Amino acid sequence: MKIPTQASTQQMLRAHNADLADPLFWQLPRSERLKAFALLRGLDAPVLFGESPGSSRRAGRTGKGFYALVKHADVMEASRQPRQFASAPGVTTPEPAAWAKAVFGNSMVNMDGTEHATMRRIVSRAFTPRLLAAAEEDIRDVARRVVDEMLAERPCDFVPSVASRMPFEVICNLMGIPERYRPEIADRVNHASENVGVRRGVRARLRVPGRGLRALAHMQLVMAKLARERRRHPTGDLISALVRADIDGQSLSSRQLGAFFSLLLVAGVETTRNAIAHGLTLLTEHPEQREVLAADFEQYADGAVDEIVRHSTPIIQFRRTVTTECALGGREFRPGEKVVLFYASANRDEAVFTDPDVFDITRNPNPHLGYGGGGPHYCLGSHLARQEMKALFHELLTRPRDLRAVGIPELVDSNFDNRVRTLRFAFEPS
Ligand code: HEM
């Protein structure tokens with residue numbers, strides 16, 4: 001479908017409930033949202049949602065307006081042109097408050113150029129395939145322990161007992177967070193990100209004022225304690241790498257350390273947890289795919305975990321800000337305008353994926369953008385996430401009998417992550 005003008009496009013989109021700037025859109029069933037994305041991909045150029053920055057002092061309903069990049073090619077191009085499409089001042093919608101950055105430190109996801117590269121280099125070595133190969137046995141060991149406990153305790157909710165536990169224990173091991181701190185951090189990780197992109201009702205706001213901010217403050221405190229310990233007794237873990245970092249003769253400040261600590265924990269746990277939970281649902285809903293995987297795990301595991309990430313797309317979107325006049329996807333952009341990269345739409349782009357709605361673990365090639373569209377911010381933990389998912393699904397498919405999701409997962413209405421709140425599950429002990 002080709003729609004020529006912004007006015008008629010807006011009319012047509014309203015008729016299909018496809019206003020991506022309206023929080024109500026993010027409360028629609030996922031199938032409806034995917035239909036809206038398909039409609040948008042059929043248009044000639046990215047569409048503006050909300051008000052254009054600078055066009056009015058009254059901002060759009062979710063803050064400033066943005067152009068939606070919904071095609072695979074456009075998301076890739078914007079990701080790989082960081083000079084024109086910057087991550088500063090922030091990649092989430094709405095933008096984090098300036099005071100929050102001042103108090104809790106800025107995360108490297110919101111930085112550009114040398115500043116970003118310098119920060120990323122401090123931790124990137126630990127995430128290379130070579131060093132992760134050395135962590136392989138530890139990752140398998142965590143998967144075995146998580147499934148041992150699952151078999152012994154027979155929990156009902158897959159999310160806290162299995163899907164969160166796996167990435168949480170692995171990232172804590174990599175960072176070198178001692179066991180004694182883990183219980184208090186586990187809940188905080190969840191709270192720190194639970195409201196990104198979520199429209200909260202007044203009652204919820206009153207009941208838990210600033211729970212996310214309190215969680216960040218607590219993590220900062222724990223990081224400060226650990227930093228003191230590691231300065232005295234450095235080891236080979238990530239926290240030691242952070243306290244050892246030297247940027248033009250300066251070490252990282254306590255705010256910078258705190259920002260790293262919460263970024264690595266939140267980015268490392270929340271995304272992978274949601275991918276694992278969606279993975280169990282997908283394998284339950286598609287028993288024929290599960291049979292293929294179980295019959296030859298070594299051959300199909302890589303394809304399965306990538307297809308789980310493509311199909312579920314745990315991170316729905318990241319935003320960029322235009323820095324210079326430029327063109328993309330058939331539209332001209334001016335400095336200050338916002339574009340939102342919808343990975344959830346790019347991963348269903350029929351121009352790239354045959355039968356994009358079908359879950360097919362043998363899909364090859366599978367150039368999904370679940371970990372980003374390339375460029376300097378490409379997911380630091382993509383190899384780690386793949387390793388974790390493979391190790392865990394291996395245990396889940398070989399040890400209990402008939403492990404399955406029961407009922408429909410309870411999802412969170414969010415424009416940022418495809419978050420699973422709870423997922424009931426069942427199995428027979430082997
Ligand atoms: C299935 C699991 C995961 C998914 C779907 C995912 C997705 C993403 C996406 C979409 C981005 C943004 C890329 C961009 O802006 O171009 C990102 C960035 C990032 N991810 Fe992941 N991620 C996952 C697992 C992990 C893990 C296990 C870690 C471990 C710490 C991690 C750490 C990061 C970090 C630090 C960044 C920011 C990189 C930067 O700004 O330079 N992620 N991830």
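Based on the mean of other beta carbon atoms within 10 Å per residue, what is the order of 105-113, 389-397, 145-153, 269-277, most packed first? Intermediate values should be presented prior to the final figure.
Values: 105-113: 20.0, 389-397: 22.1, 145-153: 15.3, 269-277: 26.4.
Result, highest mean Cβ count within 10 Å first: 269-277, 389-397, 105-113, 145-153.
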Legend entry - Distance in nm between pseudo-label sites at D187 and A134 (7 Å out along the Cβ direction from Cα): 3.6 nm
Inset, instruction - Output ³J(HN,Hα) for the range 90-103: one whole-Hz value per residue in order, computed from phi by the Karplus curve 6.51 cos²θ - 1.76 cosθ + 1.60 with θ = phi - 60°, and x for Gly and Pro. - result: x, 9, 9, 10, x, 5, x, 5, 4, 5, 5, 5, 5, 7
Legend entry - In nm, spacing of pseudo-spin labels at T284 and L397 (7 Å Cα→C-beta vector): 1.7 nm
Inset, instruction - Evaluate the Debye formula for the chain with equal point scatterers sitting on the alpha carbons, no solvent, and hand back log10 of I(q)/I(0) at q = 0.10, 0.14 Å⁻¹, in q order, two decimals. - result: -0.71, -1.42
Legend entry - Volume in Å³ per residue [convex hull over Cα atoms, computed for the range 128-183]: 82 Å³
Inset, instruction - Before anything else, pin down the relative contact order of the range 389-430: Cα pairs under 8 Å, at least 6 apart, normalised by residue count, whole percent. - result: 42 percent
Legend entry - Computed Rg/Rh of the range 238-282, alpha carbon atoms with Kirkwood Rh: 1.24
Legend entry - Residues with amide H under 5 Å from that of Y67, placed H, sequence gap 5 or more: F49, K338, V339, V340
Legend entry - Two-site FRET efficiency, Q250 against D44, from Cβ-Cβ distance with R₀ of 56 Å, rounded to 0.05: 0.70
Inset, instruction - Using label points projected 7 Å from each Cα along Cα→Cβ, tell me how many nm separate D413 and Q81, to one decimal. - result: 3.5 nm
Legend entry - Pairs of lysines in the chain (C-alpha under 27 Å apart; 8 or more residues apart or interchain): 12
Inset, instruction - Using a 1.4 angstrom probe, figure out how much accessible area the chain has per residue, in square angstrom, rounded to the nearest whole. - result: 46 Å²
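Have a look at the DSSP beta bridges in the chain and tell me what percent are antiparallel, nearest 5.
Values: 23 of 26 bridges.
Within the chain, antiparallel bridges account for around 90 percent of the total.
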Legend entry - Ranked packing of 121-129, 182-190, 160-168, most packed first, by mean Cβ within 10 Å: 160-168, 182-190, 121-129
Inset, instruction - Report the relative contact order of the range 297-430, percent, no decimals, based on alpha-carbon pairs under 8 angstrom and at least 6 residues apart. - result: 26 percent
Legend entry - Span per principal axis, largest first, for the Cα atoms of the range 219-319 (Å): 56, 31, 25
Legend entry - Carbon/sulfur fraction of accessible area - the chain, other protein chains in place, 1.4 Å, %: 52 percent
Legend entry - Kirkwood Rh and Cα Rg combined as Rg/Rh, the range 13-156: 1.08
Inset, instruction - Using a 1.4 Å probe and ignoring any ligands, DNA or RNA, find the accessible area of D141 and quote it in Å² to the nearest 10. - result: 60 Å²
Legend entry - Estimated vicinal HN-Hα couplings, Hz - the range 376-382 in sequence order (Karplus 6.51, -1.76, 1.60; Gly, Pro = x): x, 9, 3, 3, 5, x, 4
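The values are calculated or read from the model by the stated rules, or taken from the named source; none is laboratory data. Note that this is a predicted model, so its numbers are computed, not measured. Positions of Cβ are generated from backbone atoms using ideal geometry, with glycine treated the same way; all protein chains shown enter the neighbour counts. Protein only, heavy atoms only, side chains kept; ligands, DNA and RNA dropped before computing areas. Shrake-Rupley method; radii C 1.70, N 1.55, O 1.52, S 1.80 Å.
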